[in-house]
1. If I go through region 15-27 residue by residue, how many of them are surrounded by 19 or more Cβ atoms within 10 Å (Cβ to Cβ) and more than 13 Å from residue 85 (Cα to Cα)?
2. Within region 73-85, identify whether any single residue is within 27 Å of residue 115 (Cβ to Cβ) and either in a helix (DSSP H, G or I) or free of Cβ contacts under 8 Å to residues at least 60 places away in the same chain (or both), and answer yes or no.
3. Would you mention how many residues in region 49-70 are surrounded by fewer than 16 Cβ atoms within 10 Å (Cβ to Cβ), acidic (Asp, Glu) and touching a helix residue (DSSP H, G or I) at 6+ places or on another chain (Cβ under 7 Å)?
4. So, in region 94-112, of the ones that are open to solvent by 40 Å² or more (accessible area, probe 1.4 Å) and among the polar types (S, T, N, Q), which residue ends up farthest from the chain's Cα centre (by Cα)?
5. Please pick out the residue among 85, 30 that is among the aromatic types (Phe, Trp, Tyr), open to solvent by 60 Å² or more (accessible area, probe 1.4 Å) and at pLDDT below 95.
6. For residue 53, work out the one condition from (1) part of a helix (DSSP H, G or I); (2) out of contact with any Cys (no Cβ under 9 Å at 6 or more places or on another chain); (3) under 17 Å from residue 10 (Cβ atoms); (4) not β-branched (Val, Ile, Thr) it doesn't fulfil.
7. Just to verify a result, which residue in region 1-11, among those that are touching a residue at least 40 places away in the same chain (Cβ under 8 Å) and open to solvent by 50 Å² or more (accessible area, probe 1.4 Å), is nearest to the chain's Cα centre (by Cα)?
Amino acid sequence: MKENIIKTKSYAFAMKIVKLLKVLQNQKEYILSKQLVRSATSVCANVEEGIQAQSKPDFIHEFSIAQKEVFETHYWIRLLRDSEYINEVLAQELLNDCEELQRIITSILVKSKSYQ
């Protein structure tokens, strides 16, 4: 079976964020970290749902939600960085991951919409 890149990358990203959640909660940061984990894990969940879509419009809908969630995740990472809950190096790694997911998901959506 051929590897599904967006599925693999979105899951790996979600795992990084879940692990970061533990660190942030040890720092007694609960509000921003919960928002971050909610949006980041939603990216992967919507990708998984989109892969199993019953129709092209359903696929596009799920991937559109994943796209919105990855942009929201980018915001939460910047906020955590700028409030000094996470350091610049970790933040940049996570932001790079977000931006890669943004590019992949956007490309998938553009191609899917052009074939409708």
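1. Summing the residues that are surrounded by 19 or more Cβ atoms within 10 Å (Cβ to Cβ) and more than 13 Å from residue 85 (Cα to Cα) in region 15-27 gives 1.
2. Taking every residue of region 73-85 in turn, none turns out to be within 27 Å of residue 115 (Cβ to Cβ) and either in a helix (DSSP H, G or I) or free of Cβ contacts under 8 Å to residues at least 60 places away in the same chain (or both).
3. The number of residues fulfilling the criteria is 0.
4. 107
5. 30
6. (1)
7. For region 1-11, the residue satisfying everything is 9.
The values are calculated or read from the model by the stated rules, or taken from the named source; none is laboratory data. Bear in mind that the values here come from a model prediction, so they are computed numbers and not experimental data. Cβ coordinates were reconstructed from backbone atoms using ideal geometry, including for glycine residues, and neighbour counts include every protein chain displayed. These area figures cover heavy atoms from the full protein model, side chains too; ligands, DNA and RNA do not enter into them. Shrake-Rupley method; radii C 1.70, N 1.55, O 1.52, S 1.80 Å.
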